[in-house]
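The structure appears below as structure tokens.
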Amino acid sequence: MVLRPEYLCTFLLTIAILSHVSQSLHFELKSGKSKCISEDIKSNAMTVGKYTVVNPNEPHPAPQSHKINIRVTSSQGNTYHHAEEVDSGQFSFTAVEGGEYSACFAAHDHKPDVTLSIDLEWGSGVHYKSLGSLAKKSKVEVMEFEVKALIETVNSIHDEMFYLRDREEEMQDLNRATNSKMAWLGLLSLFVCLGVAGMQFMHLKTFFEKKKVI
């Protein structure tokens with residue numbers, strides 16, 4: 001594969017923008033409460049996460065009140081990671097089914113109440129290998145490695161585009177089905193209203209005829 005110099009910069013810039021698939025979060029969690037973070041992951045994609053409860057007594061060990069329970073589950077309810085009474089940890093797995101995955105953190109109830117600060121790094125998709133081993137190799141070998149990494153990224157973006165297209169088609173089918181059901185419900189409501197109005201009219205007509213009003 002040969003990339004012309006005039007296209008190389010544009011290609012690298014596009015890949016750099018599209019290949020950023022990780023997120024770093026910092027949030028607070030009060031004792032006795034829970035909080036869930038969600039990530040949309042496609043099937044067969046590798047995902048890696050690392051979480052840490054900020055130690056307020058650094059460099060001493062974290063107090064017992066700064067321990068959490070964590071569970072990572074898929075939209076189908078399958079558990080991919082579970083830990084209790086920890087102040088840090090990490091998880092990694094390959095998503096079997098595509099969809100929304102949730103990492104739920106729970107803090108034990110303490111008196112007095114405490115607020116925990118949690119750092120979470122969660123990424124999925126393309127993961128580049130370290131380039132440290134290539135530092136002493138020739139420029140040609142380094143460029144070859146980078147080109148292979150770019151090709152891998154392009155393939156991942158290609159798969160992601162098809163995945164998003166499939167999700168869009170599913171949403172369109174759901175919208176069409178919902179609109180059809182709403183249309184039938186509207187017609188049914190109209191017929192019910194007309195029927196009730198007709199019954200009321202007949203009842204009032206009979207009532208006034210008995211009273212000899214009409």
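The values are calculated or read from the model by the stated rules, or taken from the named source; none is laboratory data. Quick caveat, the model's predicted, so the values are computed rather than measured. Heads up, the Cβs are rebuilt from the backbone with ideal geometry, glycines too, and the neighbour counts pull from every protein chain shown. Note: accessible area is taken over every heavy atom of the protein model, side chains too, but ligands, DNA and RNA are not part of it. Shrake-Rupley method; radii C 1.70, N 1.55, O 1.52, S 1.80 Å.
Annotation: amide H-H contacts under 5 Å for Phe93 (H modelled 1.01 Å from N, sequence separation of 5 or more, or interchain): Thr47.
Counting lysine pairs in the range 22-139 that sit 8 or more residues apart in sequence, or on different chains, and whose Cα atoms lie under 26 Å apart gives 16.
Residue ranking by accessible heavy-atom surface, 1.4 Å probe, largest first, among Phe27, Phe207 comes out as Phe207, Phe27.
With θ taken as phi - 60° and the Karplus curve 6.51 cos²θ - 1.76 cosθ + 1.60 applied, the whole-hertz 3J(HN,Hα) list for the range 98-106 is x, x, 8, 10, 10, 10, 9, 10, 9 Hz, x standing for glycine and proline. Simple rule: put +1 on each Lys or Arg Cβ and -1 on each Asp or Glu Cβ in the range 140-213, find the dipole, and look at Phe208, Leu190, Asn155; the Cα lying farthest toward the positive end is Phe208. The amide H of Tyr101, built 1.01 Å from its N in the peptide plane, has Glu39, Asp40, Ile41 as neighbours under 5 Å, considering only residues 5 or more places off or on other chains.
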